[in-house]
1. Would you say ARG227 is at pLDDT below 95 and either in a helix (DSSP H, G or I) or within 16 Å of ligand 2 (Cβ to nearest atom) (or both)?
2. Going through the range 178-199 one residue at a time, which ones are in contact with a strand residue (DSSP E or B) (Cβ under 8 Å, 6 or more places away or on another chain) and not aromatic (Phe, Trp, Tyr)?
3. Taking helices (runs of 4 or more DSSP H) that do not extend beyond the range 246-355, which have at least 2 residues that are within 13 Å of ligand 2 (Cβ to nearest atom)?
4. Can you go through GLY147, GLY154, GLY114, GLY102 and tell me which one is under 24 Å from PHE229 (Cα atoms), at pLDDT 95 or above and in the same structural domain as LEU323 (by TED's automatic domain parsing)?
5. State whether one or more residues within the range 281-290 are within 12 Å of ligand 1 (Cβ to nearest atom) and either touching a residue at least 60 places away in the same chain (Cβ under 8 Å) or crowded, with 18+ Cβ neighbours inside 10 Å (or both).
6. For the range 93-110, give me each residue that is surrounded by fewer than 18 Cβ atoms within 10 Å (Cβ to Cβ) and under 17 Å from HIS187 (Cβ atoms).
7. What's the number of the only condition in (1) at positive phi; (2) touching a strand residue (DSSP E or B) at 6+ places or on another chain (Cβ under 9 Å); (3) within 16 Å of ligand 1 (Cβ to nearest atom) that LEU157 fails to meet?
8. Quick check on my filter: what residues within the range 68-92 are among the small types (Gly, Ala, Ser) and crowded, with 24+ Cβ neighbours inside 10 Å?
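The values are calculated or read from the model by the stated rules, or taken from the named source; none is laboratory data. None of the values given here were measured: they were computed from a predicted structure. So basically every Cβ, Gly included, is an ideal-geometry build from the backbone, and we count neighbours across all protein chains shown.
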Amino acid sequence: MRLILENIKELVQVDPQSRLWVAGKSMAEVQTIKNAFLLIKGEQIIDFGPMEELSRSDFEADDLIMEIDCSGKMVFPSYCDSHTHLVFAATRELEFVDRIKGLTYEEIAKNGGGILNSAKRLQEMPEDELYEQAMLRLEEIALTGTGAVEIKSGYGLTTESELKMLRVILRMKQHSPLMIKSTFLAHAFPLEFKGRHEDYMNLLINEMMPLIAAEELADYVDVFCDRGFFTMEESERILMAGIKLGMQGKIHANELANSGGVQVGVKYNAVSADHLEFVGDEEISSLLGSETMPTVLPGAAFFLNLKLAPVRKMIDSGLPVALASDYNPGTSPSGNMNFIQSLGCLRYGMTPEETIHATTINSAYAMGISESYGSIAKGKVANLFITKEISSYAAIPYSFGSNLIETVILNGEIQ
Ligand code: NIG
Ligand code: FE
């Protein structure tokens, strides 16, 4: 089956060199082709270029061909959302209201709310119900342009419930058209381990993680290295244990305080260091020259009214930056990457071009898939979206709250 997209007003994020990420000043430039075609065979992009170069004589006569006229519309590679917690049992509006009334996120967490609240609800919910709910969230984010997503555990906290969460993610991998990466997340110390953190560390490292590895349930290991959660030293031990079991690291770092998490992530060659509100010159120089993708989560900072990560400074220092949604019930109850682009522009001073790189190729790198996703290149997986009629690609971050996406194509198939 071949699919031809014709008369595309502008084909955006074309990258014939298939770069694995885009850093610094280069983030300001996005390559596009005006009045373009794009050819898909099976699951792959096999060709693209200006309309006048589209030659139909190349197709074998017996090939099944479907054509889509994209006049007035733009085509983008699907978003890669490299940081979510979208398997959860219940929303947390009560905490939302508590915060409006003045409580802080950390105060709520200390009183058994927050992650511990989500864990209690998840422990009680049967696996099938968790799966059904999470699949609906995947459908929802697919409609707003996401074609690949990383999903973390971390609301289980017990061995049984962490395994349950990761098995749900495995089932999602098997049944969803989205590309999914799974991450085991050491998220918080359960209340019953208060004053006994070392016992919980033991449970994580000597019981939970080996079982997860034996069932091959996680591609990555992640840890919430922040004030009130895991210390630098504990985070190092968790990443090291994960690496020994064949999982590459990721890290939640420097969201609530200058936690040292960035340096830990770099030291263990984490594929990404995420959040980064408390980042200064030392963290920037540690990230420069590393293989760790600095990943900012504008939805969480917006929802919690946090101080903002110094994205401008990071890019101006030559770093790449990825943006992800952090979709979760406590700090970012939305997986809408169009809105994440809007926040990138409006609150972090990013240009639309920079947000395009940050939500496609750089976020693909942050989940280890930028060789096959995140840009328009021959041989990459045909995960794309076609917009409604729009006047420029800046219309996406500009029209915050709207969905300008008309058609979604995943693995070469119209959804
Ligand atoms: O990425 N920062 C840590 N973890 C999640 C939120 C967890 C929660 O409150 O449920 C995050 O923001
Ligand atoms: Fe997170």
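1. When the stated conditions are applied, ARG227 passes them.
2. LEU178, MET179, ILE180, LYS181, SER182, THR183, LEU185, ALA186, HIS187, ALA188 - these are the residues of the range 178-199 that are in contact with a strand residue (DSSP E or B) (Cβ under 8 Å, 6 or more places away or on another chain) and not aromatic (Phe, Trp, Tyr).
3. Because the criterion is at least 2 residues that are within 13 Å of ligand 2 (Cβ to nearest atom), the helices (runs of 4 or more DSSP H) in the range 246-355 that meet it are 298-304.
4. GLY154
5. no
6. GLU106, LYS110
7. Looking at each condition in turn, LEU157 falls short on (2).
8. Those that are among the small types (Gly, Ala, Ser) and crowded, with 24+ Cβ neighbours inside 10 Å: SER78, SER82.
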